[in-house]
Every structure is written in C-alpha cells, then in structure tokens.
Amino acid sequence: MPNIQLSKQDAEFVEEQMNSGFYQSADAVVTAGLALLREKEGATLRVLIQEGIDDVEAGRVMSFDGAAELTAYIMGMPKEREDGSTSSGAD
C-alpha cells in the first residue's frame with residue numbers, strides 16, 4: 001500500500017474522525033471513505049443501467065445495419081450539436 005499525502009484540511013478531518021472515537025485509525029477513516037466511494041459509483045451505475053432499460057422499454061432505441069452506419073452516426077454527432085440539427089438514424 002502506498003503512502004498517501006493529504007491536504008491540511010483532509011488531515012484535520014481524519015484527525016477529527018479519530019478523535020470522535022468512531023474510527024480507531026487513519027486507515028479506518030480511509031477505508032470508510034473508499035467504501036462510500038464504491039457505493040456511490042455502484043449507485044450511479046445502477047441509475048444509468050435503469051435509464052437504458054427504461055429507454056428500451058419505451059422504444060427509444062435506434063437500429064443500424066452495420067458498424068459502418070453506426071460509426072457514421074457517431075462521427076456526425078458533434079456536427080449535430082454545433083448546428084442544432086438532429087438525425088433520426090436508421091430504423
């Protein structure tokens with residue numbers, strides 16, 4: 001495990017957490033923080049997956065005849081954003 005450098009503010013926060021008695025060591029504070037980060041990322045991923053499922057169930061999908069057509073659509077996306085036009089893609 002590499003050593004980490006904390007800002008003064010973060011080091012003080014770790015000290016406060018240890019002094020509160022809730023955590024016994026700086027390692028325990030960091031471990032709790034990493035667990036929260038993993039939980040947040042997992043929750044974000046679940047939300048994005050559900051959005052995709054909802055889109056499919058609502059029929060908000062696009063079909064392409066092949067990789068070249070999909071690539072052309074993707075490559076056109078920045079242009080669409082710049083000029084405000086939209087493309088319906090293939091059905």
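The values are calculated or read from the model by the stated rules, or taken from the named source; none is laboratory data. Keep in mind that this is a model prediction, so the values were computed, not measured. When we count neighbours, we look across all protein chains shown, and the Cβ atoms used for this are built from the backbone with ideal geometry, even at glycine.
Once region 16-40 is narrowed to residues that are more than 21 Å from Pro2 (Cβ to Cβ) and among the acidic types (Asp, Glu), the residue that is surrounded by the most Cβ atoms within 10 Å (Cβ to Cβ) is Glu16. Does Gly59 satisfy being modelled with pLDDT under 95, of a type outside the set (A, V, I, L, M) and assigned to a loop (DSSP other than H, G, I, E, B)? No.
For region 61-70, name all the residues that are of a type outside the set (Asp, Glu), out of contact with any helix residue (DSSP H, G or I) (no Cβ under 8 Å at 6 or more places or on another chain) and surrounded by 10 or more Cβ atoms within 10 Å (Cβ to Cβ).
If the condition is that a residue be of a type outside the set (Asp, Glu), out of contact with any helix residue (DSSP H, G or I) (no Cβ under 8 Å at 6 or more places or on another chain) and surrounded by 10 or more Cβ atoms within 10 Å (Cβ to Cβ), then Leu70 is the only one that fits.
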